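What follows draws every value from the coordinates through simple rules; no lab data is involved. Everything quoted here is computed from the prediction, not taken from an experiment. Cβ atoms come from the backbone with ideal geometry, glycine included; neighbour counts cover every protein chain shown.
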Amino acid sequence: MAKETLRSTVTKDTQVTDSRPIFPKENYKIMLAGIVVIVIGFLLMMGGNSNDPNAFKPEEVYSFRRITLAPIVIVLGLLIEVYAIMARPKTKE
């Protein structure tokens, strides 16, 4: 049996494409979780608003949360995204 590798066929004026999703449902759930983790990382980086524009508070700008924790959370979210893209679907046997 020959395995069909072509996912679309072209006729005169229309193109018929395969409507199957690229990734399984589980991968999309993992991708959504990765996006949520990335957004949490950016939210951790926010803040530092000051009422006086001439005042600089280094303890707020250079805090552990903004300089260390937020970038680690963002990289973790990106790694989750890579896993979601590279993970193979589980086959039902």
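Observations on the model:
- Near-label residues of segment 71-85 by backbone N, under 20 Å of a point 7 Å along Cα→Cβ of Met46: 71-78
- Once the Cβ-Cβ distance of Ile30 and Thr68 is raised to the sixth power relative to R0 = 22 Å, the FRET efficiency obtained is 0.30.
- Direction-averaged projected area, Cα convex hull, segment 26-93: 5.4 nm², rounded to one decimal.
- Using the Karplus relation 6.51 cos²θ - 1.76 cosθ + 1.60 with θ = phi - 60°, the per-residue 3J(HN,Hα) values for segment 55-61 come to 9, 10, 10, x, 5, 7, 5 Hz, with x marking Gly and Pro.
- HN-Hα J in Hz across segment 65-72 - Karplus 6.51, -1.76, 1.60, θ = phi - 60°, x for Gly and Pro: 4, 7, 8, 10, 5, 4, x, 5
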